[in-house]
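Taking it in order: structure first as structure tokens, then the write-up.
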Ligand code: DX5
Ligand code: ZN
């Protein structure tokens, strides 16, 4: 595995009336992963989609599906998210009273296991599950909505997570307010996978999306 920056457009910012076409467009435009924001209207005050939509999109692209479960009880549907074609399943530490068990189950299902941390959640909650983890998703906004402003103190948190994981093979992913301006800051702190919604789905279709993805990637790689 190289250390190249991974760009994961969040389809939350796409045109839901043309969802399949939008996913095909970001695939052709150079997305590395497809970030799937699952919201239950309970853990977060917004509601999006679940396994049937993910399964339908699986026929549109071969890019890796990065499912971010912003739900109160992720354990209830882990099998369904795996069956739908998610390759990474990320749960929120705040929603998992038995996080160690949840992460083990995700790996048993043949998926990569991720944990996301809300801005106020300390990185230390992961200290004793690091060997069950493939990815740590650092929220740089409060989850629930696209288009919010980047929370700058999260840069120090990213750096402390990088130190905590040391030489383990764990990807640090960042989600919320990622733009060509904030991408270099998070990449310098140790983030490798960058989720971006509104900064990618801006403008009209594939050519605009390609320019947006390229701008974030080159800013992060510089
Ligand atoms: C927020 C979601 C994000 C969101 C990011 O709850 O997890 O993935 O789509 O949107 P932007 O990039 O617009 O901040
Ligand atoms: Zn997300």
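The values are calculated or read from the model by the stated rules, or taken from the named source; none is laboratory data. Remember, it's a predicted structure, so these values are computed and weren't measured experimentally. Using ideal geometry, Cβ is built from the backbone for each residue, glycine included, and neighbour counts are taken over all protein chains shown.
Residue under question is residue 74, and the condition is that it be touching a residue at least 12 places away in the same chain (Cβ under 8 Å), surrounded by fewer than 15 Cβ atoms within 10 Å (Cβ to Cβ), more than 13 Å from ligand 2 (Cβ to nearest atom) and closer than 21 Å to residue 10 by Cβ; does it hold?
Here the answer is no, as residue 74 does not meet what is asked.
Look at segment 164-187 and say how many of its residues are over 18 Å from residue 10 (Cβ atoms), in contact (Cβ under 8 Å) with a residue 24 or more places away in the chain and away from ligand 1 (no atom under 15 Å from the Cβ).
The number of residues fulfilling the criteria is 6.
Only one residue in 133, 109, 117 is surrounded by 17 or more Cβ atoms within 10 Å (Cβ to Cβ), away from ligand 2 (no atom under 16 Å from the Cβ) and without any contact (Cβ under 8 Å) to a residue 60 or more places away in the chain, so which one is that?
When all the criteria are applied, what remains is 133.
Residues 21, 79: which one is touching a residue at least 12 places away in the same chain (Cβ under 8 Å) and either outside any strand (DSSP E or B) or under 21 Å from residue 143 (Cβ atoms) (or both)?
The conditions single out 79.
Report yes if residue 2 is modelled with pLDDT under 95 and either within 15 Å of the chain's Cα centre (by Cα) or assigned to a loop (DSSP other than H, G, I, E, B) (or both), otherwise no.
Taking the combined requirement at face value, the residue satisfies it.
Which number in (1) part of a helix (DSSP H, G or I); (2) in contact with a strand residue (DSSP E or B) (Cβ under 7 Å, 6 or more places away or on another chain) marks the one condition that residue 53 misses?
Condition not satisfied by residue 53: (2).
Within segment 131-153, is there a residue that is outside any loop (DSSP other than H, G, I, E, B), in contact with a helix residue (DSSP H, G or I) (Cβ under 9 Å, 6 or more places away or on another chain) and more than 23 Å from residue 65 (Cβ to Cβ)?
no
I need the full set of residues from segment 90-106 which are buried (at least 20 other Cβ atoms within 10 Å of the Cβ) and either within 14 Å of ligand 1 (Cβ to nearest atom) or in contact (Cβ under 8 Å) with a residue 60 or more places away in the chain (or both), in order please.
90, 91, 92, 95
Given the conditions (1) touching a helix residue (DSSP H, G or I) at 6+ places or on another chain (Cβ under 6 Å); (2) within 16 Å of ligand 2 (Cβ to nearest atom), which single one is not true for residue 30?
(2)
Can you tell me which residue among 102, 90 is under 19 Å from residue 138 (Cα atoms), part of a helix (DSSP H, G or I) and in contact with a strand residue (DSSP E or B) (Cβ under 7 Å, 6 or more places away or on another chain)?
102
Residue under question is residue 46, and the condition is that it be more than 16 Å from ligand 2 (Cβ to nearest atom) and surrounded by fewer than 18 Cβ atoms within 10 Å (Cβ to Cβ); does it hold?
no
Please enumerate the residues belonging to segment 173-202 that are surrounded by fewer than 20 Cβ atoms within 10 Å (Cβ to Cβ) and either within 16 Å of ligand 2 (Cβ to nearest atom) or in a strand (DSSP E or B) (or both).
179, 198
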